[in-house]
Amino acid sequence: VIAQVEVELFEDQINHTINKNIYGHFAEHLGRCIYDGFYVGEDNTTIPHKNGVRLDVIEALRDLEIPVLRWPGGCFADTYHWKDGVGPKNKRPTIVNQWWGGVVEDNSFGTHDFLNMCEVLGAEPYLAANVGSGTVKELADWVQYVNHDGISPMAKWRKENGRDKPWNVKYWGVGNEMWGCGGNMTPEYYANLYKQYATFMVDWSNSAGLYRIASGASDNDYHWTEIMMRDIPKHLIEAIALHSYAVIDWNDKGSATAFNESQYFTTMERALNMETLVTKHSAIMDKYDPEKEIALFVDEWGGWYNVEEGTNPGFLYQQNTMRDAMIAGTTLNIFNNHADRVKMANLAQTINVLQAVLLTKEEKLVLTPTYHVMNMYKVHQDAKLIPVSLNNNTSYEMGGKSLPAVSVSASLNDKGEVHISLVNIHVTKSVKVDLLLTDLKAKSITGQILSSDHLQDHNTFDNPSKISQVSFSSFKKRKEKLEVSIPQASVIVLKIK
Ligand code: AHR
C-alpha cells in the first residue's frame with residue numbers, strides 16, 4: 001500500500017546549527033562497555049590494541065566521527081573516586097561496582113586512559129563527576145588535575161603521572177540522576193548542592209570555557225527542570241540534562257530480538273514521546289532563559305530491553321535490530337529539529353550495553369543497525385537546520401492508538417549540500433513522500449537506505465553484514481518536487497547538491 005505525505009523544506013528560514021554533539025555517545029563502567037569493549041588491557045596479546053584500547057573500535061568510532069563521549073557513568077559516576085584511577089596501575093585500589101553486577105573494578109582504566117583515548121578518537125570528553133558519594137574538593141581537584149597548565153598541586157601530580165599538558169576538558173556533569181542512584185535527592189536539595197559544587201569548579205583559563213551540566217530530569221519530571229531553572233543562577237550553569245529511555249515496561253522490558261508488532265508499536269510510542277519531552281522541558285527553560293543560553297543535553301537515551309539469555313543481568317547486554325534503527329532515526333530527527341535548545345545527546349551506551357553501536361566478542365566486532373543510522377546521519381553534524389513541515393502524515397495505527405509514520409529532518413552544510421533524513425516506521429506500508437524544495441533544478445541527488453525484511457533482523461558475529469547501508473534511488477524529480485518512495489521500516493538519507 002502506498003500512502004502519500006508532503007514535506008516542505010523552508011530553506012529561507014535557517015536560524016540554527018545542528019550541534020555535532022547531538023551525535024554523542026556514552027560509556028559507563030558497566031558490564032562489558034569499558035572492560036572487554038573499549039579496553040582489553042595493555043598486556044593483551046590476542047586482540048590488536050593501542051595502549052589497551054581495541055584498534056577495531058578506534059577505527060569504527062573514528063569512521064562514525066563521534067563528537068563527544070560521556071564517562072564514567074551513569075550511576076557508576078556517583079560511586080567513582082577518580083584518584084583511585086591515576087598513577088601506577090599495580091598500585092590502584094579495587095572497588096566493587098555496586099550498581100552493575102557487583103563485579104570488581106580494578107581501576108585499570110582511569111582518567112589518563114579515557115582522556116588519551118578521546119584524543120585518539122577525535123572526540124571531546126565529557127566527565128561525569130561524583131556528587132552522591134564524593135566531595136566538593138574531589139571534584140575541584142579533578143578539574144585542576146585535567147585542566148590546569150601552571151604550577152598547582154594537581155598539575156604537578158598529573159605531570160608525575162606522565163602527562164605534561166592539560167587536556168582542557170570542557171564538559172562536566174555535576175552528578176548523575178540525583179533523584180535516584182545519585183543520592184535520592186529532592187530537586188531543591190540538589191539545586192543547593194549543585195551551586196556549591198559548581199562554585200568551586202574553576203575554569204583554569206581553558207579557552208573553550210567550562211560547561212557545567214546539572215543532573216536533569218527523568219522523562220516527564222517537569223518539576224525537576226523547573227526547580228533547576230528557578231534555583232540555579234545563570235552564571236553557575238551552562239546546561240541541564242534529561243534522561244529518557246524507550247522502554248515497554250520497566251518490570252518486563254521484553255526481548256531485544258523476539259518481539260511482536262504490538263511490542264514494536266509500544267517501543268516506537270515511547271521513542272516518539274521524546275518530541276513531547278523535549279518540547280515541554282524546553283518550554284520551561286524558555287520561561288527562565290528566553291535567550292537560550294542554557295543548553296538541554298539529553299545525555300542518556302535509547303532502547304532498553306531484557307538482557308540476552310545467559311548473560312549477567314547487571315551487564316545490560318542486548319542485541320540491536322531494525323527496531324533500534326527506527327528508534328535512532330526518529331530520535332535523531334527530533335533532536336535535529338530542536339537544535340535551538342538541544343545541544344548534546346548521548347546514546348546509551350557505545351559498546352555491549354543497551355542500544356550499542358558496537359558489539360564485541362573476543363576478536364570479533366559487529367556494527368549494529370544503530371551504528372549504520374548514526375553513520376548515515378553524521379552529515380548533519382554542525383550543518384544548518386532547515387525547518388520542515390510534514391503535511392498529511394500517514395498514521396501507523398494499533399489498538400486504537402496512532403503514531404505518525406514518517407519522520408524527517410533536513411540540513412544545509414557549508415558546501416551547499418542539503419541532506420534530508422527520512423524514517424518510515426510503518427511495518428507494512430511504504431510511503432510516497434513529496435519533498436518540496438525551492439531550487440531543485442539541475443541538482444544531483446543521491447541516497448542511502450537502511451532496511452531489512454524483518455524488524456527483528458540484526459547483525460551477528462557470524463553474519464555481521466546482514467544489515468548495512470546501501471545506495472538508494474527510488475526517487476523522481478518533477479519540477480520543484482522530489483518524489484521519494486520510502487519502504488516500510490526503513491531509514492533513508494538523501495543528499496542534494
Ligand atoms: O545507562 C544505564 C543507566 O541508566 C545509567 O547508569 C543511569 O544513569 C540510568 O539510569
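The distance separating the Cα centre of region 14-61 from that of region 411-484 comes to 28 Å. Placing +1 on the Cβ of each Lys and Arg and -1 on the Cβ of each Asp and Glu in region 1-109, which of His29, Thr17, Asn90 has its Cα farthest towards the positive end of the resulting dipole? The residue sitting most towards the positive pole is Asn90.
Over region 19-381, Cα pairs under 8 Å with separation of 6+ residues give a relative contact order of 21 percent. Protection proxy ranking of 353-359, 30-36, by the mean of other Cβ atoms within 10 Å over each peptide's residues and highest first, is 353-359, 30-36.
Computed about the Cα centre, the dipole magnitude for region 1-89 is approximately 560 debye when only Lys and Arg (+1) and Asp and Glu (-1) carry charge, each at its Cβ. Straight-line cross-link reach from Lys466 at under 16 Å between alpha-carbon atoms covers these aspartates and glutamates, not counting any fewer than eight positions away in the same chain: Asp324, Asp453, Asp457. Collect residues whose amide H, placed 1.01 Å from N in the peptide plane, falls under 5 Å from the amide H of Glu124; neighbours closer than 5 in sequence don't count. Answer set, sorted by chain and number: Val68, Leu69.
Peptides 449-459, 339-349, 39-49, 213-223 ranked from most to least packed give 339-349, 213-223, 449-459, 39-49, packing being the mean of other C-beta atoms within 10 angstrom over each peptide's residues. Within the straight-line cut-off of under 21 Å between alpha carbons, the lysines reachable from Lys476 are Lys429, Lys432, Lys441, Lys443, Lys495, Lys497, sequence neighbours fewer than 8 places apart in one chain being disregarded.
Neighbour counts of C-beta atoms inside 10 Å place Thr79, Thr428 in the sequence Thr428, Thr79, starting with the fewest. Summary of the geometry: region 138-195 and region 357-406, compared by the centres of their Cα atoms, lie 34 Å apart. Sequence-ordered 3J(HN,Hα) estimates for region 395-407 from the Karplus curve with 6.51, -1.76 and 1.60 and θ = phi - 60° stand at 9, 9, 10, 6, x, x, 9, 9, 10, x, 6, 9, 10 Hz, glycine and proline given as x.
Summing charges over neighbours of Arg70, with a neighbour being any other residue whose Cβ is under 11 Å away from its Cβ, gives -4 when K and R count +1 and D and E count -1. Farthest toward the positive end of the dipole of the chain, out of Met376, Thr311, Val169, is the Cα of Met376, where the dipole comes from beta carbon charges about the Cα centre.
Packing-based ranking of 113-125, 169-181, 373-385 yields 169-181, 373-385, 113-125, ordered from highest to lowest mean Cβ neighbour count within 10 Å. Think of each Lys and Arg Cβ as +1 and each Asp and Glu Cβ as -1; about the Cα centre, that makes the dipole of the chain roughly 960 debye.
Of all aspartates and glutamates in the structure, the ones whose alpha carbon falls short of 14 Å from that of Lys83, not counting any fewer than 8 places away in one chain, are Glu105, Asp106, Asp113, Glu138, Asp141, Glu160.
For the pair Thr135 and Glu8, label points projected 7 Å from Cα toward Cβ lie 6.2 nm apart. For region 265-369, the tally of Lys pairs with Cα-Cα distances below 25 Å comes to 4, considering only residues 8 or more apart or on different chains.
Laboratory data are not the source of any read-out in this text; all were calculated from the coordinates shown. The shown structure was predicted, so the numbers you read here are calculated from the model rather than taken from an experiment. Note that we place each Cβ from the backbone using ideal geometry, even for glycine, and neighbour counts take in every protein chain shown.
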